[in-house]
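Worksheet: the structure to be examined is printed underneath.
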Amino acid sequence: MPDRHSRRRDALRQTVATDGCGAILVSTVVNVGYLTGFSGDSTALIVMADRDLAVSDFRYAEQLQNECPDVPTHIRPVNQKLWAAVADAVGKLGIGNLAFEANGMFVSDHDTMRAALPGVATRGVIGRVEALRAIKDEEEIATIRRAILAAERAFAMFRAGLRLDESEIDAADGMEHYLRRCGSSAAAFEPIVAAGPGSALPHARPAAAGRIGDSDFLLVDWGAIVEGYRSDLTRMLVTAKVGTEFARVYRAVLAAQERAIATIRPGARASEVDAVARAAIDEAGFGGLFGHGLGHGIGLAIHESPWLRPDSDDVLRPGMVLTVEPGIYRTGWGGIRIEDDVLVTPDGAEILTSVPKAIETLSPY
Ligand code: ZN
Ligand code: ZN
């Protein structure tokens with residue numbers, strides 16, 4: 001029974017044939033890890049019709065042997081750079097037509113490799129491994145569920161420990177600590193803790209000055225990592241009495257999110273799911289204030305295929321796990337975003353996250 005990594009390499013082999021190439025060179029760190037189980041970096045993987053080769057260096061020789069013993073390796077000499085070694089290997093393997101990840105190397109590295117392969121045709125391709133990564137197997141879904149559980153436990157501690165006299169950056173530090181305490185290897189990204197007007201910046205940096213309690217509400221965007229897989233959530237917390245304007249905007253965002261999630265099912269177009277949320281926000285009178293895509297896939301990367309955006313060509317398939325995160329942002333007042341993680345099931349969708357969203361539940365403990 002081939003293991004999950006060799007099954008993934010076999011799936012990639014199909015695309016090599018479709019691209020009309022003799023091999024594909026995979027150089028994106030997360031893609032090499034996905035295809036082999038290798039957890040290091042500085043390593044390129046060549047996938048051919050009938051075999052694979054990992055090109056690496058002395059630092060990783062033993063680790064490659066331990067983590068992916070079924071992948072043959074070529075350890076480059078200390079005086080040879082990775083891309084020269086890759087070119088050497090491509091030449092020795094007799095590959096005449098090589099696909100490479102156009103988003104997986106610097107232009108300067110590409111030039112080095114090209115110069116060393118005068119007789120080889122090369123072709124940049126995009127999204128081959130990412131398309132495989134977009135569909136999660138049972139084991140991956142179970143791991144993402146654990147990353148969500150770790151994030152949700154951390155949020156409960158965050159809520160319980162929040163002090164209104166602390167700064168955004170102190171609160172964000174607290175969240176990173178709680179995430180690790182709850183089984184996350186690190187924060188999936190730098191947590192966003194943004195109070196009042198600061199939350200109008202969708203990717204706000206926590207501020208060192210000011211007290212959280214000086215604003216009426218707080219946006220918290222955080223996630224955990226378990227065995228490399230990530231979760232991603234956003235919740236609002238209300239630190240004073242809820243104003244009518246907050247309630248009006250919050251309900252519009254929540255309604256947009258619920259309507260969009262209700263349309264998620266296999267075969268749905270990602271752009272149409274985005275459009276449902278956008279129309280709901282327009283109808284509520286906040287047109288033009290939701291200036292980013294509705295969501296993104298999560299997995300080994302925090303942002304990956306599929307993309308819920310107006311310009312997306314993605315079609316939803318069972319096994320995809322994606323965020324749904326509409327927001328309304330008003331300069332000088334603040335932003336409200338609600339983000340949950342959703343699994344596309346064979347007949348619809350399952351919301352994997354469970355932190356309450358009713359307005360009565362938004363105060364710190
Ligand atoms: Zn997020
Ligand atoms: Zn997100």
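The values are calculated or read from the model by the stated rules, or taken from the named source; none is laboratory data. Treat the numbers as computed from the prediction; the structure is a model and nothing was measured. Glycine gets a Cβ as well: all are built from the backbone with ideal geometry, and neighbour counts include every protein chain shown. Each accessible area value is taken on the protein alone, full model and side chains, heavy atoms only, with ligands, DNA and RNA left out. Shrake-Rupley method; radii C 1.70, N 1.55, O 1.52, S 1.80 Å.
So here's what we get for this one:
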| read-out | value |
| --- | --- |
| Helices (runs of 4 or more DSSP H) lying entirely in the range 59-161 (those with 3 or more residues that are under 30 Å from Pro191 (Cβ atoms) and basic (Lys, Arg)) | 138-161 |
| The range 6-37 - residue that is open to solvent by less than 10 Å² (accessible area, probe 1.4 Å) and not in a helix (DSSP H, G or I) and, of those, farthest from Ile302 (Cα to Cα) | Ala23 |
| Some residue of the range 261-273 being under 17 Å from Ala349 (Cβ atoms), within 14 Å of ligand 1 (Cβ to nearest atom) and in contact with a Leu (Cβ under 9 Å, 6 or more places away or on another chain) | no |
| Residue list for the range 203-247, filter: within 12 Å of ligand 1 (Cβ to nearest atom) and part of a strand (DSSP E or B) | Leu219, Val220, Asp221, Trp222, Ala224, Arg230, Leu233, Thr234, Arg235 |
| The range 38-78, subset in contact with a Ser or Thr (Cβ under 8 Å, 6 or more places away or on another chain) and hydroxyl-bearing (Ser, Thr, Tyr), residue surrounded by the fewest Cβ atoms within 10 Å (Cβ to Cβ) | Ser42 |
| Candidates Arg235, Arg265, Arg269, filtered to the one that is open to solvent by less than 10 Å² (accessible area, probe 1.4 Å) and within 22 Å of the chain's Cα centre (by Cα) | Arg235 |
| Hits in the range 101-136 - residues which are more than 22 Å from the chain's Cα centre (by Cα) and either closer than 16 Å to Gly20 by Cα or open to solvent by less than 30 Å² (accessible area, probe 1.4 Å) (or both) | Met113, Leu117, Val120, Ala121, Thr122, Arg123, Gly124 |
| Residue check for Gly299: in contact (Cβ under 8 Å) with a residue 60 or more places away in the chain and within 16 Å of ligand 1 (Cβ to nearest atom) | yes |
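The rows are residues; the columns are (1) exposed (fewer than 15 other Cβ atoms within 10 Å of the Cβ); (2) of a type in the set (Gly, Ala, Ser); (3) under 14 Å from Arg269 (Cα atoms).
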| position | (1), (2), (3) |
| --- | --- |
| Leu308 | no, no, yes |
| Asp314 | no, no, yes |
| Met320 | no, no, yes |
| Thr331 | yes, no, no |
| Lys357 | no, no, no |
| Leu362 | no, no, no |
